[in-house]
Structures are given as structure tokens and as C-alpha cells.
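Here is the structure we will look at, set down as C-alpha cells.
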Amino acid sequence: MKSVMRFFGVLLASAVFLGGCANLGTLSKGGADMAQVPITETPTGKTYPGKFIWHDLLTPDPILAGKFYEELFGWQIEYQGQYAVVSHGGKRIAGILQVDPAEGRSREGVWVPSVSVADVDAAASRVEANGGKILKGPIDMDKRGRAVLIRDSQRAALVLLSAKGGDPADAEAAIGDWLWDEIWTNDPDKTGAFYRSVLGYDEMVLGDKYEVFVHKGEWRAGIRHVGDDKEYMLWMPVIRVADPEAIAQRVSELGGVVWVAPDEAPRNGDTALIGDATGALLLIQRWPPQNSTGGL
């Protein structure tokens, strides 16, 4: 298996890229476009705290990234100014935001997830009380809802969002949809304590170098242990696929990078770590798994 060290430099560059954009305020025009897009076209009026409800790709080249995902997963992309709306199977699943990095920063893309909270301001206060940092907000985003961009106690970034109209209802992920989100950390105890306090997870299911956050009986996110001493960690989104080997082959054909191939991953044959055509990282995973050895 390729060393985690080989691709952790990309994680570091992505995290710095995100922080730089937020601090420099370069999200303003794109943020205005983003604010006009609700995360669901069918309001539910329900909130599922701790559930990952949206993903935004920050990238300097939305067209290049969009073509990659259209070809790889069959996503449909509607470009609206600096913000593009991604749909799959007739529902909205993500956005793509054009963001140019600060001078001297990496030009690689990064996926930023949004997690549901009932009260953004209360959650933001818990972030700082537990060693995290507020990067941007809290702010009202018109049709999107109220949001705050944070870094956790190990500098992994995500958005806390109270979505206008409510969260998407729980449903089984379709092929080509988001299956899961997991945080990569070299201090799972510290990371676990942070998110239990901030997001209110009431249980953690323990595994072999892997834990699962649970809220009211529902699995909401994972913690993957990585043996690395880098300062920055990252939330990693996961896409459900039927054939990881075939998808990994297409990644290379479409200008992306396969960092960890399916036959090198901990769950042999079921997962792979890939980078899109602008460098943004994500996992692909067959679910349910075909092989039973190793961790999730």
C-alpha cells in the first residue's frame, strides 16, 4: 500500500488553500451566488443534527472539475456565475465554487462538507470553547440558511449549516451519490471529544483504527486514524460506486490521480483514494463491501 505520507502533502495544501481563501475574503462574489441556492428543492422542515447534508468543491477551474465529475459519475452541472449546482438522479447533491488562491498558495481544489446543526450561533460558541476556530461567519446566506465556516481542534475545515427549509431526508445513497464523510486524524481521542461537544453526537462505535459518530441511533460520520505528524487534518467525502477498479481506471483517463488504488486500500478492492482533475481528494467505495477484511 502506498504510504499515507505520499498524499498527505496534498491534504496540507488543500487545508491551507481553504483557510487562505476564507481569511482573504475572496469568497464574497461566489458566496453571494451560493447563497441563492437552497440545498434541497423539496423542503422537509426537519433538522438532523450531525448529518452531513451538502458538499462544496472550491476550485480555481470549475469547468475542468465539472467535466471530470460529469464523465466519472454522470453528474449534471448547471453553471451560475461563480457557483455551479451539481445534481444527480434528479436531486441536488453539491456545488462548485470558483476560488482563486492567494499568491504562493496551492492551486488545487478541495471539497468542503456542510454538517447540520440546529443553532449555528450556539454551535459556533462551542467550537471556540473546545479549541477550534471560526474562519468565516456566522452569516445568513439567503436561500441557503445560516452558516459558519470553522476549523476544528486539529485544523480540519467544515461548514456548520442550519439549512433553510430543513435537511434532506435520510435515504440510501445511490450509486454516484455521497455515501459518507470521514475525518482523518492522528489524535482520534481529541477529535472525537471535539465533535461530541460541538455537534452533540451521543455515541461512538469503536472499530480497528476507525470509529463511527452516532446520533439518535443513526450513523453520521467516521473517524479514520492516520499515523502522521502533520499539523493539518481533513474531512474526506466518500462517493458510492459499483466498481472501484473501473472508476479508478477512468480517473486516470480523465486527468485525475489515483493516490491509493483499490487493490492497495485497507479494504482490498472496495475503496480507493482519488484526486480530481484540479487536485481535490475524495474516496470512492463499493457499498455494501464485497470483501470483509480490514476497516471501513
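Computed from the coordinates by the stated procedures, all read-outs in this text should not be read as laboratory data. Bear in mind that the values here come from a model prediction, so they are computed numbers and not experimental data. Here the Cβ positions follow ideal geometry from the backbone for every residue, glycine too, while neighbour counts run over all protein chains shown.
Residues of the range 148-180 with the amide nitrogen closer than 18 Å to a label point 7 Å from the Cα of Val205, along Cα-to-Cβ, please.
170-174, 179-180
Nearest 5 is fine: what % of DSSP beta bridges in the range 173-286 come out antiparallel, could you say?
Of the beta bridges lying entirely in the range 173-286, close to 75 percent run antiparallel.
Over what distance in Å are the Cα centres of the range 117-138 and the range 163-183 separated?
Taking the Cα centre of each part, the range 117-138 and the range 163-183 sit 22 Å apart.
On full extension of the chain, what length is gained from Lys46 through Ser125, given 0.36 nm per residue of separation minus the C-alpha to C-alpha distance?
26.2 nm
Order these peptides, 233-240, 65-72, by their mean beta-carbon neighbour count within 10 angstrom, highest first.
233-240, 65-72
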